[in-house]
Amino acid sequence: MTRHHKHERHQALREEIENNPFSTDEELAKHFGVSVSTIRLDRTELSIPELRERTRAVAHGAYDTLKSLGEAELVGELRELRVGDSGSTLLKIEESMVLSKARVTRGHHLFAQANSLAIALVDAEMVVTGSVDMKFLRPVRYGEVVLAKGKVLSHKDNKYRVQIKSYVDQEVVLSGTWVVFSIEKPLEE
């Protein structure tokens, strides 16, 4: 993007953060072609809180709607949740999640993030995964941040089809369709 005059940049910055509240100062600086310190100054002048505060505000409302999972059962940080419709989680890849030699994430961490989001999208107290048609599209490396986005595609009786796509930056790294079921009572042991 070309450099904006300050007023135009402020207006564009406000819109960009409104559309994507999880943009880092570094990402915004690159997007607008200015320094990180310029973005920080702009945010201060516009009374826009830093990423951590924006994240906390959005996530706080989302956790209140979480029904089918306990907060600790969700893999990744809940960013947005509209039960029965769509949602997203964010997972920062840590040292304990990667294969030591290859330095790439073990697949079960990415699957768990996507699977727990698919379950969280269902408006029921208890939800189980029935089947998954999923592909890993590229390895995810240590230090990368994975944004999983989910959308309920269809719902009939207790059966839900949920699409999950996981991204690193704008690149899709995992894509799949989950079939999940709401259940009325706990399964017998």
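The values are calculated or read from the model by the stated rules, or taken from the named source; none is laboratory data. Bear in mind that the values here come from a model prediction, so they are computed numbers and not experimental data. Every residue, glycine as well, gets a Cβ built from its backbone with ideal geometry; the counts of neighbours run over all protein chains shown. For the accessible areas, the whole protein counts, side chains as well, though only heavy atoms, and no ligand, DNA or RNA atoms are used. Shrake-Rupley method; radii C 1.70, N 1.55, O 1.52, S 1.80 Å.
Summary of values
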{"quantity": "Lysines whose Cα lies under 20 Å from that of Lys30, excluding same-chain neighbours fewer than 8 positions away", "calculated": "Lys6"}
{"quantity": "Accessible area (Å², 1.4 Å probe, nearest 10) - Thr24", "calculated": "40"}
{"quantity": "Within straight-line cross-link reach of Lys101, lysines at Cα separation under 28 Å, skipping those fewer than 8 residues along the same chain", "calculated": "Lys92, Lys135, Lys165"}
{"quantity": "Scattering curve values for region 71-189, log₁₀ I(q)/I(0), Debye with Cα scatterers, q = 0.11, 0.22 Å⁻¹", "calculated": "-0.35, -1.19"}
{"quantity": "Charge sum, other residues only, whose C-beta stays under 12 Å from Met97's C-beta, Lys/Arg counted +1 and Asp/Glu -1", "calculated": "+1"}
{"quantity": "Magnitude of the charge dipole, region 76-189, Cβ model with Lys/Arg +1 and Asp/Glu -1, debye to 20", "calculated": "520"}
